[in-house]
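First comes the structure, then the notes that go with it.
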């Protein structure tokens, strides 16, 4: 098995399977600073054009998830890359002039397969009503990426209804602002979803909209829920990460 994950900052990830590269919600520009005055705290881990994924998955149409500059650079540098997302993402992508043949809609509850990776969109409660989370099964590892969502008592049940089992890794937003659950709510959700490993997301990009991942990891530990933060910008071996083994990380 050769499966690696790289946290690209905020809610962005690169998932690498044998012969397959998927990128989720990359925010590599500084458009949020220009539009909303929130400056990024860390530079992009690499130029967006170097990512060259087979598919680009966008959970919803907000600037730090649907980043036009980053998406344009990726789609130009990877001519065979597909853009996948819910209806709000498809509409925005159409306005950008991206060819319909390169766009694949994925509404909540729908499933598609890319190579050996199965992707299912899960519900989200967010100001973009079309927003989704993502269940992704690569080899025998099941991921859940929350995207942006508020907590709701039924969310874990809805996710598990779409999944073959509890996720191995759940990457969950913790910032507690602008339509996202906070540390306490994210910990509560993990106690209901009970993944093998909980991973904090959506922090560290903007000083005005962040949270302490260490507090999330500690809160999970008090409940007996294993949790760990991913390093920024480094590829991590998933099997070793799940086993809490020391991981050699590569830039």
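Rule-based calculations on the coordinates, nothing more; no lab input. What you see is a predicted model, and the numbers here were worked out from it, not measured in a lab. Positions of Cβ are backbone-derived with ideal geometry, glycine not excepted, and every protein chain shown enters the neighbour counts.
Going through (i) 1.04; (ii) 0.92; (iii) 1.14, the figure that equals Cα Rg over 2.2 N^0.38 Å as computed for the structure here is (ii).
For region 1-70, a/c is not less than 1.5, where a ≥ b ≥ c are the root eigenvalues of the C-alpha gyration tensor, and a/b tops b/c. That puts it in the prolate class.
Given the peptides 162-169, 183-190, arrange them by the average over their residues of other C-beta atoms within 10 Å, most packed first. Numbers along the way, then the final one.
Working: 162-169: 16.6, 183-190: 21.8.
Order by mean packing, descending: 183-190, 162-169.
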